[in-house]
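Worksheet: the structure to be examined is printed underneath.
The values are calculated or read from the model by the stated rules, or taken from the named source; none is laboratory data. Note that the coordinates shown come from a computational prediction; the quantities given were computed from them, not determined experimentally. Each accessible area value is taken on the protein alone, full model and side chains, heavy atoms only, with ligands, DNA and RNA left out. Shrake-Rupley method; radii C 1.70, N 1.55, O 1.52, S 1.80 Å.
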Amino acid sequence: MIVKTLEDVLGTKGEAHGDKWHSMRLLHAEDGMGVTLTDSILEAGFEMTLWQKNHLEACYCLEGGGTVEELDTGIMHQIRPGTLYAMNNHDRHRIRITERARIICTFSPPLTGDEVHDDDGSL
């Protein structure tokens, strides 16, 4: 059984952050679960273009909100507590946060823990 707290992840490879975002990666490939699970805080004003070329990603908003835009179609979706959005086709997307948000995300295949976003937004 794997049991971790957010405090356990502080200061490890599981803690990732950048301009207006902080992500606690609770599960990695080495945990053997087949997915990564993250608990992320995105601050108001956060905006980023993302493209998970190598992973499928599902996100669930617990608090706050903003929008996610499908870049290939221009379709815009509201994000608010209770909203799930999943990039099931490696969708290029832009996320904009208007109210500090807490979002839980899964990645498949799992992250190793040392990934960083490339210039095109991919991991």
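Assorted remarks:
- Among the residues of region 34-55, those identified as charged (D, E, K, R) and either open to solvent by 50 Å² or more (accessible area, probe 1.4 Å) or more than 11 Å from the chain's Cα centre (by Cα) (or both) are 43, 47, 53.
- Number of positions in region 7-33 that are open to solvent by less than 40 Å² (accessible area, probe 1.4 Å), part of a loop (DSSP other than H, G, I, E, B) and small (Gly, Ala, Ser): 1
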